[in-house]
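Right, one structure below, let's go through it.
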Amino acid sequence: MNLILAQTDPRLNFWNGTNDSVGLWAKIIIAFVLGVLLIAALTRVPPQFRRVIVTTATFIAGFFYIALWLWPEPIGKKPGTLPNGAVEWVGFNISDAVSVVGDFYNILATMLLGLGVFSVLRIHLRKFVKKQQDWGFSAVLLAGIVAMVFFGYANYLTKFGPDAAKLADQANWGFVNYGQNLLFDGMLQQMDAAMFSIIAFYILSAAYRAFRIRSVEATILLATALIVILSLMGLAASIWGMPVDALSPHVTLNGQSVPDPGSFTQNFRLENIAKWLTDALQTSSLRGIDFGVGIGTLAMGMRLWLSLEKGGVSQ
Amino acid sequence: MADVPAKSLGEKLQSINRSTLFLILILCTSVPLFFPVKLPNRADAPSMDLYQKLMTLPEGSTVLVQSDWTNSTRGESGGQFNALMRILMRRHIKACIYTAADPQAPEVARNAIAELNKQQDAAHLPEYKEWDDWVHLGFFPSAEGTSVSIGTDVRKAFAGKKATQPNGTQADVFESPVLKNIHAVRDFPLMILITASNTSNVAIERLYGKVPLAMMVTGVMGPETQVYYDSHQLVGLSKGLKGVYDIENMMQDGAKIAGQTFPPFTGPGVINKDLGTRYYPTLHMALLLLIVAVVVGNVGMFLSRKRSTQ
C-alpha cells in the first residue's frame, strides 16, 4: 500500500521517474493510452451499469475524505517511520494517500477545464462551418483561442528556456514574446478589468433608482449603509471626528494633548460606530447565515455522497 | 394634441437620465486620478494586525502566498500584492507563491513582481530574485484537494514542481533557498491569501490551525472575511482599497501597534505609495456620488409624495 501511495518516500518508485528520462516518457505515454482506453470503455458501458460505477466512485471518493477527517492523524510521522499498530497503520496510509488523491483531484479539475474548451470548440466550430447566425463571432473566438494557445505556449518555452534570464530586458524579446504580451497583457487583462469595472455603473444606477426609504426597515438599512460607506472615506471620518474629539477628555501622550482613546465619547467616532455595526451586527448575522449554509451543505453533501440525489448519471 | 404636463421637481429628481449618471460617474472617478492628494486616514485594526505580523516575521523565513487575483480586481488586489511584496523584499523574507483560483493568476503575479523589480532596478536597489527570493509553483485547479494536501504534507503537495535557477536551468523547487528548509506547512511562519474569490473559505476550512493565516481580500469580500478575523482565525486582514491605503500609509509614515514601533521604509528611490494612494481619492468620489444619488432619488420621491397629497 505504501509503495503505491507514497510518491516521494522513496522519491523514485514505480509511479514516477527521473525528469526527461526515456522511462518516464514511456510511463506517461502508457498512462495516457490507458486513460484514453479507460474513457472509451466507460462510454460504452451499458446505461444500467453506469449508475453502479458512478455511485461506487462517488462513495469511495467521499469516504476517503471522511476517513481523513475522522481517523486519528499520525503525529510526528517522518519518512521511514514504521506504524505502531493497526490504527496507526491506517492513519499512515491515509496520510500518504492525501497528496495522491489531491493530484487526482487536480487532474480531474484540469480535465473539466479541457472538457469546457472542447465543448466551446465543438459548438463554435459547428457554427462557423455551417455559417449559422453570428458565425463571425465564433470565428473571432476560435482565432482567439488558437492565437492565445500558440503564443502562450511558445512564450512559456522561451521563459523557461536557457535564455530565460535575458528576457527581463525587453530588447531581447522575440516575436512570440511580443505576441503573448499583446494578447495577454494588452488585451485579455485589460478587457478583464474593463468588464469588472462596468459593475460600478450598474451599482450607481441601481442605488439611484431602487434605494428608496419606503419603510422602517429600508430606513435602518440606509442609515447603516451610510455609516459604513462614510467610515471608508478617511476625509468624512476625519471631519465627523472633529467635534467628537473636541468633546472628549484629553490626555498627554509624548508631550502632546490628545483625545483619550478610552473615553466614552470616542465611541461616537464614525469608524468606531462602523466597527460596532460590523463586529456586533454584521458578523453575528453572517455567522448565523454561515451556520445555515453549513447545515444545508452537509445535508446536500450526504445526499451526493450516498447518491440519493435525483438526476444526472446516478439516476 | 394635448399639452404634456411639465414634470415637477420631484419627478425630475427621480428621472435623471442613465447616460447623465454614467457620465458623472466617469468624471468623478477619472478626475481625481490626475490630482493626487493625501487624505486623512486612520488604519483599521485588521490592517494594523496584518502589518504588525508582516513586520515581525523572522528575516530569512519563507511565507506561503496564495495569489488568486487577476487584473479584474487590480485596483484592490494588485495594490495589496505590491505592498506585500515590497514589505517581503525589504525585510528579506522569501515567498513561495501558488494559485488555486484562476489560470491567469500566475502570469499576473509574475508580471507584478517583474514590474516591482524594474522599479528596484531604476532606484539601484536589489531585485527580488526568482529562485533565491521567491518561486511560483503555478496553478492548482482544485483549491480543496490542494489545500488538504498542503496541510497534510507540503513536500508531497508540491512534489515535482520546478523553478528556474539564476543560470537558466530548471530544478526542483525544494532545492531552492526558498523551500529547502520547509518540511511541513507549520514551517511557514505565515500563509497569506490574496484573493477575490471563494478560495478564502477553502483556506480557512482546510488550513486553519496548521499555519497562521492572513488574508488580503477585495472590499466586496470584506464583510464575510471579517467573520474569521473576529474569531481570531486570521492573524491579520486587509479589506479592499482602504486596506491597501492603510498598509501603504504605515509603510510611508511608520506605525505604532500594540506598543511596538515600526519605522517607515525610507531611502533614495524607495516607493511605498502605489495603487492604494492613487485610487483612494477616486474611491472617495465614487462613494460620495453613490450617497448623493441615493439622497437625490429619495428627495425626489418625498417631493412627489408631498405634491400628490396636496
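Observations on the structure shown:
- Of the residues making up the range A:132-161, those that are of a type outside the set (A, V, I, L, M), part of a helix (DSSP H, G or I) and more than 17 Å from A:Asn181 (Cβ to Cβ) are A:Trp135, A:Gly136, A:Phe137, A:Ser138.
- The listed residue being among the hydrophobic types (A, V, I, L, M, F, W, C), under 30 Å from B:Glu205 (Cα atoms) and within 11 Å of chain A (Cβ to nearest Cβ), out of B:Ile150, B:Ile97: B:Ile150
- Scanning the range B:54-76 for residues that are under 16 Å from the mean Cα position of the chain (by Cα) and under 13 Å from B:Ile247 (Cα atoms) yields a total of 2.
- When B:Lys7 is tested against (1) away from chain A (no Cβ under 14 Å); (2) touching a helix residue (DSSP H, G or I) at 6+ places or on another chain (Cβ under 6 Å), exactly one condition is not met: (2).
- Residues in the range A:57-97 that are without any contact (Cβ under 8 Å) to a residue 40 or more places away in the chain and not in a helix (DSSP H, G or I): 13 in all.
Rundown of residues vs (1) modelled with pLDDT of 95 or more; (2) of a type outside the set (D, E, K, R); (3) in contact with a Cys (Cβ under 7 Å, 6 or more places away or on another chain); (4) closer than 25 Å to B:Gln252 by Cα, yes/no style:
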| position | (1), (2), (3), (4) |
| --- | --- |
| B:Thr29 | no, yes, no, yes |
| B:Tyr51 | yes, yes, no, yes |
| B:Leu54 | yes, yes, no, yes |
| B:Gly75 | no, yes, no, yes |
| B:Arg90 | yes, no, no, yes |
| B:Lys94 | yes, no, no, yes |
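- When B:Asp3 is tested against the conditions (1) at pLDDT below 90; (2) under 21 Å from the mean Cα position of the chain (by Cα), the lone failure is (2).
- Considering residues of the range A:137-161 that are aromatic (Phe, Trp, Tyr) and exposed (fewer than 13 other Cβ atoms within 10 Å of the Cβ) only, the residue farthest from A:Ile123 (Cα to Cα): A:Tyr153
- Exactly one residue among B:Ala101, B:Ala109 is modelled with pLDDT of 95 or more, within 24 Å of the chain's Cα centre (by Cα) and either among the basic types (Lys, Arg) or crowded, with 17+ Cβ neighbours inside 10 Å (or both), and that residue is B:Ala109.
- Among the candidates B:Ala293, B:Ala286, the residue that is within 12 Å of chain A (Cβ to nearest Cβ) and over 23 Å from A:Glu271 (Cβ atoms) is uniquely B:Ala293.
- Qualifying residues in the range B:120-138 (those that are farther than 19 Å from B:Ser176 by Cα and in contact (Cβ under 8 Å) with a residue 24 or more places away in the chain) - the one nearest to the chain's Cα centre (by Cα): B:Gln120
- Restricting the range A:17-46 to residues that are surrounded by 10 or more Cβ atoms within 10 Å (Cβ to Cβ) and in a loop (DSSP other than H, G, I, E, B) leaves a set whose member that is modelled with the highest pLDDT is A:Val45.
- Residue within the range A:74-83 that is under 19 Å from B:Lys156 (Cα atoms) and either under 25 Å from the mean Cα position of the chain (by Cα) or charged (D, E, K, R) (or both) present: yes
- Checked against (1) over 30 Å from B:Lys118 (Cα atoms); (2) more than 10 Å from every other protein chain (Cβ to nearest Cβ); (3) under 27 Å from the mean Cα position of the chain (by Cα); (4) not acidic (Asp, Glu), A:Ala246 passes all but a single condition, namely (3).
- Some residue of the range A:117-131 being within 12 Å of chain B (Cβ to nearest Cβ), exposed (fewer than 14 other Cβ atoms within 10 Å of the Cβ) and outside any loop (DSSP other than H, G, I, E, B): yes
- From A:Ser205, A:Ser197, residue being more than 26 Å from the chain's Cα centre (by Cα), under 26 Å from B:Ala286 (Cβ atoms) and not charged (D, E, K, R): A:Ser205
- Flag for B:Gly269 being of a type in the set (Gly, Ala, Ser) and either part of a helix (DSSP H, G or I) or crowded, with 23+ Cβ neighbours inside 10 Å (or both): no
- The range B:74-119: number of residues that are free of Cβ contacts under 8 Å to residues at least 60 places away in the same chain and not in a loop (DSSP other than H, G, I, E, B): 19
- Total residues in the range B:41-59, condition within 13 Å of B:Ile87 (Cα to Cα) and out of contact with any Asp or Glu (no Cβ under 9 Å at 6 or more places or on another chain): 8
Let's see how each residue does on (1) under 16 Å from the mean Cα position of the chain (by Cα); (2) under 12 Å from B:Ser77 (Cβ atoms); (3) assigned to a helix (DSSP H, G or I):
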{"residue": "B:Ile194", "(1), (2), (3)": "yes, yes, no"}
{"residue": "B:Val202", "(1), (2), (3)": "no, no, yes"}
{"residue": "B:Gly209", "(1), (2), (3)": "no, no, no"}
{"residue": "B:Met221", "(1), (2), (3)": "yes, yes, yes"}
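- Residues located in the range A:203-217, provided they are of a type in the set (Val, Ile, Thr) and at the interface with chain B (Cβ under 8 Å from one of its Cβ atoms): A:Ile203, A:Ile213
- The listed residues are B:Met250, B:Met191, and the only one of them that is at pLDDT 95 or above, out of contact with any Leu (no Cβ under 7 Å at 6 or more places or on another chain) and either on the phi > 0 side of the Ramachandran plot or aliphatic (A, V, I, L, M) (or both) turns out to be B:Met250.
- Lone unmet requirement of (1) closer than 23 Å to B:Met85 by Cβ; (2) more than 12 Å from chain A (Cβ to nearest Cβ) for B:Gly259: (1)
- Screening B:Phe188 against (1) in contact (Cβ under 8 Å) with a residue 60 or more places away in the chain; (2) facing another protein chain (nearest Cβ under 9 Å); (3) not hydroxyl-bearing (Ser, Thr, Tyr) leaves a single unmet condition, (2).
- The range B:120-145 - residue that is assigned to a helix (DSSP H, G or I) and of a type outside the set (A, V, I, L, M) and, of those, farthest from B:Val63 (Cα to Cα): B:Asp121
- Within the range B:55-67, being over 16 Å from B:Pro177 (Cα atoms) and surrounded by fewer than 24 Cβ atoms within 10 Å (Cβ to Cβ) holds for B:Met55, B:Thr56, B:Leu57.
- Considering B:Arg278, B:Arg305, the condition of being assigned to a helix (DSSP H, G or I) and within 14 Å of chain A (Cβ to nearest Cβ) is satisfied by B:Arg305 alone.
- Output for the range B:23-35, where each listed residue is surrounded by fewer than 15 Cβ atoms within 10 Å (Cβ to Cβ) and either within 14 Å of another protein chain (Cβ to nearest Cβ) or among the aromatic types (Phe, Trp, Tyr) (or both): B:Leu23, B:Ile26, B:Leu27, B:Ser30, B:Leu33, B:Phe34, B:Phe35
- Tally, over the range B:288-306, of residues that are over 17 Å from A:Ala223 (Cβ atoms) and crowded, with 17+ Cβ neighbours inside 10 Å: 4
The values are calculated or read from the model by the stated rules, or taken from the named source; none is laboratory data. Since the model is a prediction, treat every value here as computed from it, not as a measurement. Methodologically, a virtual Cβ is constructed for each residue, glycine included, from the backbone with ideal geometry; neighbour enumeration extends over all protein chains shown.
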